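Right, one structure below, let's go through it.
The values are calculated or read from the model by the stated rules, or taken from the named source; none is laboratory data. Since this is a predicted model, take the numbers as computed values, not measurements. Don't worry about glycine lacking a Cβ; one is built from the backbone with ideal geometry, like all the others, and counts go over all protein chains shown. When the accessible area is computed, the model is the full protein with side chains, heavy atoms only, and any ligands, DNA or RNA have been set aside. Shrake-Rupley method; radii C 1.70, N 1.55, O 1.52, S 1.80 Å.
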Amino acid sequence: MTAPTKLGFTSFARLRGVLIVFCGENLKFGTATQRALSPTGDLIRRAAAAERFTGKNGSTLDIAAPSGLKLPRLVLVGTGKDSDLKRRDLLKAGGIAMGKVPAVAAEATIVAEFASGALKAEQVADLALGARLRAYTFDRYKTKRKDDENRPKKVEVDFACANPAAAEKAWATATAIGDGVVLARDLINEPANVLYPAEFARRASALTKLGVNVEVLDVAAMKKLGMGALLGVGQGSAHESKLVVMRWNGGKRGAAPAAFIGKGVCFDTGGISIKPAQGMEDMKGDMAGAACVVGLMHALAARKAKVNAVGAIGLVENMPDGRAQRPGDIVTTMSGQTIEIINTDAEGRLVLADVLHYVNKRFKPRFMINLATLTGAIIVALGQEYAGMFSNDDKLSERLNKAGEATGERVWRMPLGPEYDKLIDSKFADMKNTGGRWAGSITAAQLLQRFVDKTPWAHLDIAGTALGSPQTDINKSWSSGWGVRLLDRLVEDHYER
Ligand code: BES
Ligand code: MN
Ligand code: ZN
């Protein structure tokens, strides 16, 4: 169990607890930082020389009980050459600084200033957002503290800056995004006995408090619509499948919305084509795409984004059972196209096929972006650093690329092309749901593309980036909430600049 962390903003004059400051190359400090450190005399130069600390980006120097300061500890965080700061640089710096708050400390102050100069209010807020995401833990189910833990009941971390009131205001926006990421992480970390489709739908319904319109379609409604592919995946589960549609209308009345679609497989056993036992517990996170969409809708609504956005998530559980679908079964999708099931473990594409078609037909969106923990093959290709991006639209790809570079949630474009189609030709139906070992992520994307028509569309395969402890300076959790910040930024760039 970790203590809850309270973040606040204060002036350069009010420093308390562990003092954390940023330091440029060759021990350069900003003016307010210099002033705060002046009582320490030559301590910093001597300590830095002893530790060969020069202020390189990402490096840190720890000084306990610094003479001259009535503070328990001083930490220097190197920022290197800190010009041309991107949002991801500020988040990273905030994350590293937060990581240097010792577990036993009840108070800390992070001086929000770089050697290159003071930070704007938005930059201070980004710093605090990085700190907040770094501090995130999921310990809802831990009932015992370890005996040797001598931790404070709560931790207060202040950001000292030039204009605390302005930072506080900018923090309202950053909080909306941070809450969205934390919501996504929480949903992904929840075990599948707690978070089954109906419970997921209930949690998504809480967005109504922020002014989001939420509809929940049950199995009967989906049957009426002809969603044979989605329903086939869920038919072996004791839990009813659900489709949740969320709408945030912050843009021009009647303007075509941006649409975000998520794979929400609350647990993926593989079905009759059952997965091996080793690591299967991770498949509680096979709804990370859906969690990201909910987190994004939260962020957009909470910061009152000037956009019309639709979020749609297909929620199912993929189980082996007497009623489960079999290899060889043929399902009819809402679009009318038929799919032969070769492997019941290639279920995500079946869910998305129906949700993509439904959203496209009902909302005629400006563009559609789907997120899915779709293939193990994308982890083989890209590891945990980049999500795979597949798209029928160069402009949308370029926008996602740019948003990825800015936020640090990066995407790498992978190919699509008719050459791959023969891999999913079926003897009996319009297509089959797997294409064999080769190009596994591409054949999955190729299938999805058949359900989006001409609408600009991008598919993000997040199997590597969303779960399995993708370690960064702003994430130490098993789930990252990957995609919320990326897509929030995409919306901001696209509609609000
Ligand atoms: N949910 C998995 C993909 C996955 C693997 C996500 C590891 C996160 C971590 C997906 O449903 C799946 O089982 N894909 C199969 C497809 C295969 C049967 C064609 C895979 O990748 O092996
Ligand atoms: Mn699967
Ligand atoms: Zn899956």
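Rounded, prolate or oblate: which one fits segment 419-497, using the alpha carbon gyration tensor with axes a ≥ b ≥ c (rounded when a/c is under 1.5, else prolate when a/b beats b/c, else oblate)?
Cα axes put segment 419-497 in the oblate bin.
State the answer as a single residue: which of Leu7, Ala160, Gly383 lies farthest towards the positive end of the charge dipole of the chain, with beta carbon charges of +1 for Lys and Arg and -1 for Asp and Glu, about the Cα centre.
Ala160
Compare the Cα positions of Thr137, Gln34, Gly58 along the charge dipole of the chain (+1 at Cβ of Lys, Arg; -1 at Cβ of Asp, Glu; about the Cα centre) and return the one farthest towards the positive end.
Farthest towards the positive end: Gln34.
Treating only the Cβ of Lys, Arg, Asp and Glu as charged (+1, +1, -1, -1), what charge dipole size does the chain show about its Cα centre? Round to the nearest 20 debye.
For this selection, approximately 1220 debye.
On full extension of the chain, what length is gained from Lys6 through Asp139, given 0.36 nm per residue of separation minus the C-alpha to C-alpha distance?
Extending this stretch completely gives an extra 46.2 nm.
Tell me, what is the FRET efficiency for Glu419 and Lys209 to the nearest 0.05, using R0 = 51 angstrom and their Cβ-Cβ distance as r?
The value I calculate is 0.60.
Once the Cα atoms of helix 394-407 and of the chain are each reduced to a long axis, what angle between those two axes, in degrees from 0 to 90 to the nearest 10, is obtained?
Relative to the chain, helix 394-407 is tipped by roughly 30 degrees.
Order the peptides 381-387, 370-376, 481-487 from the highest to the lowest mean number of other Cβ atoms within 10 Å of their residues.
Sorting 381-387, 370-376, 481-487 by mean packing, highest first, produces 481-487, 370-376, 381-387.
Using 21 Å as the Cα-Cα cut-off, could you pick out the over-long pairs in Lys263/Lys304; Lys364/Lys395; Lys86/Lys402; Lys224/Lys252?
Lys263/Lys304; Lys224/Lys252
With only alpha-carbon atoms in the gyration tensor, what are the semi-axes of the equivalent ellipsoid for segment 1-118, in Å, largest first?
20, 18, 14
Could you list the square roots of 5 times each eigenvalue of the Cα gyration tensor of segment 355-497, that is, the equivalent ellipsoid semi-axes, sorted largest first and rounded to whole Å?
Gyration-tensor ellipsoid for segment 355-497: 26, 20, 12 Å.
Report the equivalent ellipsoid semi-axes for segment 87-187 in whole Å, largest first, defined as the square roots of five times the eigenvalues of the gyration tensor built from alpha carbon atoms.
Ellipsoid half-lengths, sorted descending, are 26, 17, 11 Å.
Looking at segment 348-497 only, what percent of DSSP beta bridges run antiparallel? Nearest 5 please.
40
For segment 264-298 and segment 354-406, what is the separation of their C-alpha centers, rounded to whole Å?
After rounding, the separation between the Cα centres reads 18 Å.
Non-local amide H neighbours of Ile369 (under 5 Å, H modeled in plane, Pro and chain starts lacking H): which ones?
Under 5 Å from the amide H of Ile369 lie the amide H atoms of Ala259, Phe260, Ile261, Ala458, each far enough along the sequence or on another chain.
Using a 1.4 Å probe on the protein chains only, how many percent of the accessible area of the chain belongs to carbon and sulfur?
50
For the peptides 436-444, 424-432, 179-187, 298-306, what is the packing order when you average, over each peptide's residues, the other Cβ atoms within 10 Å and list the highest mean first?
179-187, 298-306, 436-444, 424-432
Report the one residue of Gly271, Ala291, Asn318 whose Cα lies farthest in the direction of the positive end of the charge dipole of segment 262-321 (charges on C-beta: Lys and Arg +1, Asp and Glu -1; origin at the Cα centre).
Ala291
What is the spread of the Cα atoms of segment 288-380 along each of their three principal axes, largest first, in whole Å?
47, 30, 27
In Å³ and rounded to a whole number, note down the convex hull volume per residue for the Cα atoms of the chain.
Spread over its residues, the Cα hull of the chain gives 153 Å³ apiece.
Taking θ = phi - 60°, what integer Hz values does the Karplus form 6.51 cos²θ - 1.76 cosθ + 1.60 yield along segment 319-332, in sequence order, with x for Gly and Pro?
Working through the residues one at a time gives 10, x, 5, x, 9, 5, 6, 10, x, x, 4, 10, 10, 9 Hz.
Can you order the peptides 324-333, 44-53, 309-318 by their average number of other Cβ atoms within 10 Å per residue, highest first?
So the order, starting with the most tightly packed, is 309-318, 324-333, 44-53.
Over 14 Å, how big is the tail of the calculated P(r) for segment 343-420, in percent of all Cα pairs?
Above the 14 Å cut-off, segment 343-420 has 70 percent of its Cα pairs.
Convert 25 °C to kelvin, take the viscosity as 0.890 mPa s, use the Kirkwood radius over C-alpha pairs of segment 230-291 as Rh, and evaluate the Stokes-Einstein diffusion coefficient in µm²/s, rounded to a whole number.
Answer, rounded: 174 µm²/s.
Under a 1.4 Å probe, what is the accessible area of segment 238-339 per residue, stated in Å²?
Per residue, segment 238-339 has an accessible area of 36 Å².
How big is D, in µm² s⁻¹, for segment 63-137 by Stokes-Einstein at 10 °C and 1.306 mPa s if Rh is the Kirkwood radius over C-alpha pairs?
Stokes-Einstein gives a translational diffusion coefficient of 121 µm²/s.
For Thr10, which sequence-distant residues (separation of 5 or more, or a different chain) have an amide H within less than 5 Å of its own amide H, given hydrogens modelled in the peptide plane?
Phe159, Ala160, Cys161
Note the angle between two axes, namely the Cα long axis of helix 440-449 and the longest principal axis of the Cα atoms of the chain, as a number of degrees from 0 to 90, rounded to the nearest 10.
Computed tilt is about 70 degrees.
Roughly what % of DSSP beta bridges within the chain run antiparallel, to the nearest 5?
Counting DSSP beta bridges with both partners in the chain, the antiparallel share is about 40 percent.
Leaving out ligands and nucleic acids, and using a 1.4 Å probe, what accessible area per residue does segment 22-131 come to in Å²?
45
Give, rounded to the nearest 20 debye, the magnitude of the charge dipole that segment 1-149 has about its Cα centre when Lys and Arg contribute +1 at Cβ and Asp and Glu contribute -1 at Cβ.
Dipole magnitude for segment 1-149 comes out near 240 debye.
Quick query: amide H of Ser237 versus all other amide H atoms, modeled in the peptide plane; which residues come in under 5 Å with a sequence gap of 5 or more or a different chain?
It is Met319, by chain and number.
What angle do you read, to the nearest 10 degrees and between 0 and 90, between the alpha-carbon axis of helix 164-189 and the longest principal axis of the chain?
40
Name the shape class, rounded, prolate or oblate, that the alpha-carbon gyration tensor gives for segment 117-258, where a ≥ b ≥ c are the square roots of its eigenvalues, rounded holds for a/c under 1.5, and otherwise prolate holds if a/b is larger than b/c and oblate otherwise.
oblate
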